[in-house]
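**Student:** Next up is a structure, given as structure tokens.
The values are calculated or read from the model by the stated rules, or taken from the named source; none is laboratory data. These figures come from a predicted structure and were not determined experimentally. All Cβ positions, glycine included, derive from the backbone under ideal geometry; neighbour counts span all protein chains shown. These accessible areas exclude ligands, DNA and RNA; they are computed on the full protein's heavy atoms, side chains included. Shrake-Rupley method; radii C 1.70, N 1.55, O 1.52, S 1.80 Å.
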Amino acid sequence: MTSTTEPTTAGLGAAGAGILSQDIEEIASLFSVSRTDAPTSDDERAAMLESPKFGTVFSDHMARVSWRRDEGWVHRRVEPYGPLRLDPATAVLHYGQEIFEGMKAYRHADGAVWTFRPEENAARLARSAHRLALPALPVDDFIAACAVLVRTDIDWVPSSPDSSLYLRPFMFASEPFLGVRPSNEVEFLVIASPSGAYFAGGVKPVSIWVDAEYHRTGPGGTGAAKCGGNYAASLLPQEEAAAKGFDQVCFLDGASNTYLEELGGMNVFLVMDDGSVHTPELTGSILEGVTRSSILRLAADHGRDVVERRIPLSDLVEGLGSGRVTEVFACGTAAVVTPVGRMAGETFDATVGDGQPGELTTTIRQELTDIQYGRAADRHGWMRRLA
Ligand SMILES: *Cc1c(COP(=O)(O)O)cnc(C)c1O
């Protein structure tokens, strides 16, 4: 029924490390594939893959699964990429019942396409769904949808250095009604966007404004869920910080306005002069990044002390002044690891180290991308082959 690429074990270790499970392949085979009758031509696509601005170019198809309260998940399909037709009363447009994920498909040197820890994204989508009163999509269905889309649009996975096919799975309340209750109809989609190197022309340190005026979330709120509403709340602070000349905002906790939490879409790390690596502990209002957890692991592999704790802003300010904090970086799937060169707030303005990317920041970024692009052994079993 599909014209998708069959998975093979070619190029994999004897154990078939990283291959998708038989259960996932069985679900993948349930997807019907209806191909666009107006595919992008090879020349056009080559031009689009040249140096796409993040999130502006999309592949020819999208994966889709529907949910009805009385039927569960139904109608698994891949269809041509295109606008959705929505009733003006569609629930998501009014009450914001929406969640999403962000992942990448990486082209390895032998042409195979892999992704990174998709089970983690699938599990997080299920946790986000719980918080937003949306239905949980089983982990295997999530991975199968990503695999089928990547196989259908395999030619859209770029191969230039640090490029990838960014995958955006998302779920929203699609029932047309204005009552305030969880939707009885939900759509799950995966769209794909080729993306070039995030830092064209080399990794550059960013400046961060530590915001004591706005919060992205609060105790008991949706901070640990990856939902569109959190991003909506971060836009005005981001704009105001940009007007002051800063690249990004770091938010403090909403309860006491004291502890570092994270950026609008990235987790944050400090490296101390004793070599230890610190990041805010998960308090329920911080998004648990897959990159964050991977970096904690890689830093521990280096024999570093890794410390998840509440980090008061005053500690950071003192540490930047005394030199006790030697490096700061932000992390997330899109930019991987972003060095921070300057941090400021109402009462301080400090250069981090010498303002250049720190040593551990650079090492961790290289190690993580080497694993993702297949240049280094996948010693933690993080990679999954999609095609
Ligand atoms: C997605 C996201 C991150 C990063 O998560 P990754 O899984 O590493 O991509 C961090 N903070 C917020 C608020 C996010 O939405």
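**Student:** All but one of (1) crowded, with 23+ Cβ neighbours inside 10 Å; (2) more than 25 Å from Ser41 (Cβ to Cβ) hold for Asp153; state the number of the condition that does not hold.
**Tutor:** Every condition holds for Asp153 apart from (2).
**Student:** I've got another one for you. From the list Asp370, Asp349, Asp354, which one is free of Cβ contacts under 8 Å to residues at least 12 places away in the same chain, more than 16 Å from the ligand (Cβ to nearest atom), within 15 Å of Cys250 (Cα to Cα) and not aliphatic (A, V, I, L, M)?
**Tutor:** Details: Asp370 fails: within 15 Å of Cys250 (Cα to Cα); Asp354 fails: within 15 Å of Cys250 (Cα to Cα).
Going through Asp370, Asp349, Asp354 in turn, the sole match is Asp349.
**Student:** Out of His278, His215, which single residue is away from the ligand (no atom under 14 Å from the Cβ), open to solvent by 10 Å² or more (accessible area, probe 1.4 Å) and in contact with a Phe, Trp or Tyr (Cβ under 9 Å, 6 or more places away or on another chain)? Spell out how you get there, then give the answer.
**Tutor:** Values: His215 fails: away from the ligand (no atom under 14 Å from the Cβ).
Within the list His278, His215, the selection yields His278.
**Student:** In region 124-150, what count of residues is obtained for those that are within 16 Å of the ligand (Cβ to nearest atom), open to solvent by less than 20 Å² (accessible area, probe 1.4 Å) and more than 15 Å from the chain's Cα centre (by Cα)? Steps first, answer last, please.
**Tutor:** Applying the first criterion (within 16 Å of the ligand (Cβ to nearest atom)) to region 124-150 yields 124-129, 131-132, 139, 142-143, 146.
Those left that are additionally open to solvent by less than 20 Å² (accessible area, probe 1.4 Å): 124-125, 128-129, 142-143, 146.
Among the residues that remain, those that are also more than 15 Å from the chain's Cα centre (by Cα) are: 129.
Adding up the residues that qualify gives 1.
**Student:** Also: Looking only at residues in region 47-94 that are of a type in the set (Val, Ile, Thr) and either not in a strand (DSSP E or B) or not assigned by TED's automatic domain parsing to the domain that holds Glu175 (or both), which one is most open to solvent (accessible area, probe 1.4 Å)?
**Tutor:** Thr56
**Student:** Here are the criteria: (1) in a helix (DSSP H, G or I); (2) open to solvent by 10 Å² or more (accessible area, probe 1.4 Å); (3) within 16 Å of the ligand (Cβ to nearest atom). Tell me which single one Ala299 does not satisfy.
**Tutor:** Here Ala299 clears every test but (2).
**Student:** Something else: From the list Leu287, Leu270, Leu316, which one is in a loop (DSSP other than H, G, I, E, B) and surrounded by 22 or more Cβ atoms within 10 Å (Cβ to Cβ)? Step through it out loud before you land on a result.
**Tutor:** Numbers: Leu270 fails: in a loop (DSSP other than H, G, I, E, B); Leu316 fails: in a loop (DSSP other than H, G, I, E, B).
Answer to the selection: Leu287.
**Student:** Which residue is least open to solvent (accessible area, probe 1.4 Å), if the candidates are limited to region 177-195 and must be in contact (Cβ under 8 Å) with a residue 24 or more places away in the chain and more than 30 Å from His61 (Cα to Cα)? Spell out the reasoning first.
**Tutor:** Step one: list which residues in region 177-195 are in contact (Cβ under 8 Å) with a residue 24 or more places away in the chain, which gives 177-178, 180, 182-195.
Then drop every residue that is not more than 30 Å from His61 (Cα to Cα), which leaves 178, 180.
Numbers: Leu178: 104, Val180: 126 Å².
Only one residue fits best here, namely Leu178.
**Student:** How many of the residues in region 106-123 are out of contact with any Lys or Arg (no Cβ under 9 Å at 6 or more places or on another chain), open to solvent by 20 Å² or more (accessible area, probe 1.4 Å) and part of a helix (DSSP H, G or I)?
**Tutor:** Result for region 106-123: 2.
**Student:** Among the residues of region 237-258, which ones are out of contact with any Ser or Thr (no Cβ under 8 Å at 6 or more places or on another chain) and within 16 Å of the ligand (Cβ to nearest atom)?
**Tutor:** Listed by number, the residues that qualify are Pro237, Gln238, Ala241, Cys250.
**Student:** Still on this structure: Determine, yes or no, whether Tyr198 is open to solvent by 40 Å² or more (accessible area, probe 1.4 Å), within 16 Å of the ligand (Cβ to nearest atom) and more than 20 Å from the chain's Cα centre (by Cα). Can you show your working first?
**Tutor:** Details: open to solvent by 40 Å² or more (accessible area, probe 1.4 Å): yes; within 16 Å of the ligand (Cβ to nearest atom): yes; more than 20 Å from the chain's Cα centre (by Cα): no.
No, not satisfied.
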